[in-house]
1. Label Asp231 and Glu146 with points 7 Å out from Cα along Cα→Cβ: what is the distance between them in nm?
2. For a paramagnetic label modelled at 7 Å from the Cα of Glu283 toward its Cβ, which residues of the range 183-220 fall within the zone defined by backbone nitrogen distances under 19 Å?
3. Scan around Lys203 for amide H atoms under 5 Å from its own, H built in the peptide plane at 1.01 Å from N, and keep only partners 5 or more places away or cross-chain.
4. Please list, by residue number, every one of the GluC sites (Glu not before Pro) in the range 107-175 that is coil in DSSP and has at most 12 other beta-carbon atoms within 10 Å.
5. Output the pairs from Lys139/Lys265; Lys121/Lys224; Lys121/Lys171; Lys15/Lys137; Lys148/Lys225 with a Cα-Cα distance over 32 Å in this structure; if there are none, say none.
6. Using only the Cα atoms of the range 232-311, build the gyration tensor, take square roots of its eigenvalues as a ≥ b ≥ c, and label the shape rounded, prolate or oblate: rounded if a/c is under 1.5, else prolate if a/b is larger than b/c, else oblate.
7. Set the Förster radius R0 to 35 Å, insert the Cβ-Cβ distance between Lys139 and Lys87 as r into 1/(1 + (r/R0)^6), and round the FRET efficiency to 0.05.
8. Please list the radius of gyration and Dmax for the range 10-121, considering alpha-carbon atoms only, with Å as the unit.
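Here, each number is a calculation from the coordinates, and none is a lab measurement. Everything quoted here is computed from the prediction, not taken from an experiment. All Cβ positions, even for glycine, are placed from backbone atoms using ideal geometry, and neighbour counts span all protein chains on display.
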Amino acid sequence: MKKTDIGECKSVKVKCVSELGWFDSEKLIKQIETAGGLDKDQWTIPWDYENAAGSCSLIDMETLDGKHHKFLLDTGWNNPYMDRAFKREGIDKALKNGEIEALIISHEHLDHFWGLETTLKYKPDIKIIIPNTFSAKGKAFLKGAEFKEANVKNGISHRGDTIKVEPEEVKKLYDGCAAVAFDLPIIIGIRGEVSLYFNIKDKGIVCVAGCCHQGIITFAEFAKKNIAGSDKMHGVYGGLHIAPFGVLDDKGEKVIQDMAKYNFKKIACNHCTGVEAVRKMIETELPIVKGTGRYGSASDLYLGAGDEVFF
Ligand SMILES: [Fe+2]
Ligand SMILES: [Fe+2]
């Protein structure tokens, strides 16, 4: 099968704006269980807003001719929390002055999407990229909607273009950058996640995900089969959903073992990867990028809020 040529870029810098989805996992799990379990629709669970934080990263890629493209991956959950993070990292100003070209919403999960108002407040016409697996509720939320049962509201209607990425389609966004949507059922009633591949000249492929619900192995294998340049796999950034609620099981251990075969040079994981999974990766001598453990990030073993990685 012929691999897709997405072009090459010079470099990619990712700043973690916030990787903390929520403050207290136990509380969150209890709420899900009380509401009816992991199959329950997230839009109908009465979430405790006090426990809400959110995941958001700023990507700054440089093309071979020296141009920069900046865009956000996800927009967190709790609006006041996200606004503080945006101000701390200068995202508010960068949105206002048009420096940030797009918002990619990896998937519909509350901790990545429900803080949409914070982005729209500064740039209501920003280009938004979503997987075309969004539910009708998710699509309505973009336009402005309230779901009282779930304690969530977007009071600002999105006025810009929305680009929908079809499952398995390699959607080139810039030279050396493409988005791919993976269609799969995900906990609390959603479908599909869009993730990013960068092809960095002389280095290879960097895989960037929000939660990576498709699994890092599926994510890496897709590149191996479909993206030109994947004979070298250079790096990983994002949530890897290996031990999201703290416990590393046998399946998670196997994923970590299997990750070694790609020979990644830098792995900057955070969010739902889980600190136990990160510890295991360090033990396995995977090249984990450490952080500073600031602004609510629970450990300096992984790349946390306010930290940056350069590929
Ligand atoms: Fe998440
Ligand atoms: Fe998620």
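1. Result for the modelled spin labels: 5.9 nm.
2. From the range 183-220, the list is empty.
3. none
4. Those that pass, being in a loop and sparsely packed, are Glu168.
5. Working: Lys139/Lys265 37 Å; Lys121/Lys224 39 Å; Lys121/Lys171 28 Å; Lys15/Lys137 30 Å; Lys148/Lys225 44 Å.
Distance filter (> 32 Å) returns Lys139/Lys265; Lys121/Lys224; Lys148/Lys225.
6. Values: a/c = 2.04, a/b = 1.13, b/c = 1.80.
Cα axes put the range 232-311 in the oblate bin.
7. Values: r = 29 Å, r/R0 = 0.83.
Calculated value: 0.75.
8. When restricted to Cα atoms, the range 10-121 yields Rg and Dmax of 15.7, 54 Å.
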